[in-house]
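These notes are about the structure you will find just below.
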Amino acid sequence: MGTNTSFLSNVEAEFMKFRIPFPRVTETQEDLDTLRATGRKSIGMQQKILPIFGPSQSGKSTIIKDWRERIQRREKPAAGRHPILHVELTSNATIKSLGIDIIAALDHDALPDAIVDDASKRLDKKRATTREGDVFRDTSIDRVLYQALTALQNANTEVLVIDELHHLVTTNTDKRRWKVTEALKWITLKGVCPLVLVGIDDARTVVDAHTNPQIAGRCLPPVLLSPLNLGDLREKKMFAGYIMALDKKIVEHGLLPQESGLLQGDWLACFHDVSKGVIGTVAHLLAVAVVNAIKRKSSRVELEDLDYATRRWAIPLKHTDDHNPWINGPRDLRVINATGSRS
């Protein structure tokens, strides 16, 4: 495969194709299906919000992408139709950038300039008869957001997913952050489609009742993708099942010729020690280990590959602290939990 870079890029690309029937994936996608069905029955009425929170690499975006791909394969929407629109917020989000991000996600299916201009004129006419607070005071901002909603309607969007919600937390002032939450509330009031708000744990402040009680009132029970805890039997089984599934996928995708037996000895505890129960960290750690195994011409991942991945990837990039459980043994759960999880 050539250089180390090409090794890693090829393996990482294959890992991104893995689709593992992880219980949290199934449960969250059932919630998403329910949200979509509810939105279909309430077009034009106030829409609901499903918040999804979890640390970085907990699988939030992967769950959304897998759900969207499944719908695309099953329903084969016509050109220009986007039943599920996945939008990633730009940093330091504003009301205007939110509208721009939505239009950008539609790409070439966004509205032609002439239609956009017409939508803006209709908004200006409507302003005089709209109740106070229903639109925003800055005309240019009003237009961009209104154009975005018009584009969503024309694309027959049934669920709008706004990812990287934590970019709202980094906005300069509480007042500016509050204005963006008001924009989200306004989108739900327009009744175009329900919203899914996705972000790391810090983003929970965006939808809590202290920041904007009306936004909180529109939210369904949030999906919390917290790190898996080996002290909980159900979560321990989920964590072990995910590692076993990765082992099988590595062989199914032709990366290595045989399964590695990734749950041998105390390896489960070692994986948890490094990852703190975040499944995405496990996947990335294994990708680096697989590259090292291929370089060694090994038929499977072995202890030295996991040691290498921890020393050369997890520790330098602060995915974990300086403890290497593959050499020094896994620590007690209380010690691991005390180090905290990366978010």
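Since every read-out is calculated from the coordinates, none of them should be taken as a lab result. Just so you know, these numbers come straight off a predicted model, no measurement behind them. In this analysis, Cβ positions are derived from the backbone assuming ideal geometry, glycine residues included, and neighbour counts consider all displayed protein chains.
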Item to complete: Provide the FRET efficiency to the nearest 0.05 for the LYS295-ALA13 pair, computing r from the beta carbons and using R0 = 22 Å.
Response: 0.80
Response to the item:
Given 252-265, 81-94, the highest-first ranking by average Cβ count within 10 Å works out to 81-94, 252-265
Response to the item:
The extension gain from ARG81 to ARG312, computed as 0.36 nm times the residue separation minus the Cα-Cα distance, is 78.7 nm
Worksheet entry | Spatially proximal lysines relative to LYS249 (Cα-Cα < 26 Å; intrachain offsets below 8 disregarded) | LYS17, LYS60, LYS65, LYS236, LYS237, LYS276, LYS295, LYS297
Worksheet entry | lysines with Cα under 27 Å of LYS175, excluding same-chain neighbours fewer than 8 positions away | LYS48, LYS96, LYS126, LYS185, LYS190
Worksheet, complete the sentence: In whole Å, largest first, the alpha carbons of region 258-306 cover along the principal axes 30, 21, 16
